[in-house]
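The values are calculated or read from the model by the stated rules, or taken from the named source; none is laboratory data. In this text, all values refer to a predicted model and were calculated from it rather than measured experimentally. Quick reminder, even Gly has a Cβ in these numbers, built from the backbone with ideal geometry, and neighbours come from all protein chains shown. The accessibility values were calculated without ligands, DNA or RNA, using every heavy atom of the protein model including side chains. Shrake-Rupley method; radii C 1.70, N 1.55, O 1.52, S 1.80 Å.
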Amino acid sequence: MNPYILKKLISRFFFPLSLVIELILLGLVLKKSRAKVILAGVAILYLFSFSPFGYLILLPLESQYVPVSASNLHKEVQWIVVLGGGSREDKTLTPEDRLGDASLKRLLEGVRLSRLLPHSHIVLSGGDYRGISPDALIMQQVALNQGLARERIIIEAASGDTIDQAAFIKDRLAQSPFYLVTSAAHMARAMRMFTRLGAQPIAAPTDFKAVWAPLQLTDLFPQAGVLANTENAFYEYLGLSWGLIRGYI
């Protein structure tokens, strides 16, 4: 089996919704304490879907780096690296609609930075292990639609995950500093992987999810969007743990 698929398959067993279902299934086969185990599964599902919990579990990941603005811009930087974050294959859709939300937000941030740094080049990085169109190629189409000149774009469409992307960028850019654009939750892991290989990234986070807002009565109800944020946090914490085990970070 493809190692990328195997890694993602195993990780799914530790995702929030999977853990809840596993706990409920365990309760169904138990003869003793069945009701307690099932109730615990339901309670954990509510916790994972509870707005303050989703905020608090993401905040440690997203608060490590701040967005790039005119006040903290490094004008001497000549490279911008955008990491792909997923896409869809349906070619009847526009390139903008084929990009996943994370990929689209990352690309738009990369394009914004390219306008602040008119002499820079932008590296669009992201392959696909599923045998469909690489993220990088779809991002290129959107970037061109946004008016970015083709000669400013470099494509990396062979990588399967973040460590592959880090290795390519290190080989391509050597010791040149560059803005690294990825989702805020993913930034901590990406920065550690890139610096571990000796690259010189400067964090340019985007796609923030842990955004504070006053608690409202509706926040007491479980929300699918919060569950998705919790899953995103679990994915990153699992990735950090795996990176430590493998010596990537």
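For the reader, a short list of remarks on this structure follows.
- The listed residues GLU236, GLU76 rank as GLU76, GLU236 when sorted by accessible area, largest first, using a 1.4 Å probe.
- Cα long-axis angle, helix 184-196 against the chain (0 to 90 degrees, to the nearest 10): 60
- Exposure rank, largest accessible area first [LEU83, LEU6; 1.4 Å]: LEU6, LEU83
- Take the chain with all the other protein chains still there, run a 1.4 Å probe, and you get 52 Å² of accessible area per residue.
- The chain, relative contact order [Cα under 8 Å, separation at least 6], %: 25
- Taking other residues whose beta carbon is less than 14 angstrom from the beta carbon of GLU89, and scoring Lys, Arg as +1 and Asp, Glu as -1, yields 0.
- Shown here: Cα extents along the principal axes in Å, derived from the displayed model; of the candidates (1) 60, 34, 34; (2) 60, 54, 32; (3) 67, 46, 41, it corresponds to (3).
- For SER183, the shell of other residues with beta-carbons less than 14 Å away shows a net charge of -3, using +1 for Lys and Arg and -1 for Asp and Glu.
- Nitroxide proxy distance, nm - points 7 Å out along Cα→Cβ at ILE5 and ASP219: 4.2
- Where Rh is the Kirkwood radius over Cα pairs, Rg/Rh for segment 1-89: 1.18
- Gained length - LEU73 relative to LEU197, 0.36 nm times residue gap less alpha-carbon distance: 42.2 nm
- Estimated 222 nm signal from helices in the chain, with DSSP H stretches of n ≥ 4 weighted -39500 (n - 2.57), rounded to 500: -16500 deg cm²/dmol
- As a fraction of the 1.4 Å probe accessible area of the chain, surface on carbon and sulfur atoms comes out at 63 percent.
- For segment 97-221, the equivalent ellipsoid built from the Cα gyration tensor has semi-axes of 26, 18, 16 Å, listed from largest to smallest.
- Distance in nm between pseudo-label sites at THR92 and ALA149 (7 Å out along the Cβ direction from Cα): 3.8
- Using alpha-carbon coordinates, inclination of helix 3-12 to the longest axis of the chain, degrees: 40
- Solvent-accessible area of GLU89 with every protein chain in place, 1.4 Å probe, in Å² to the nearest 10: 70
- Taking the longest Cα principal axis of the chain as reference, the axis of helix 34-48 is set at about 30 degrees.
- For segment 74-122, alpha-carbon Rg relative to the globular expectation (2.2 N^0.38 Å, N residues): 1.32
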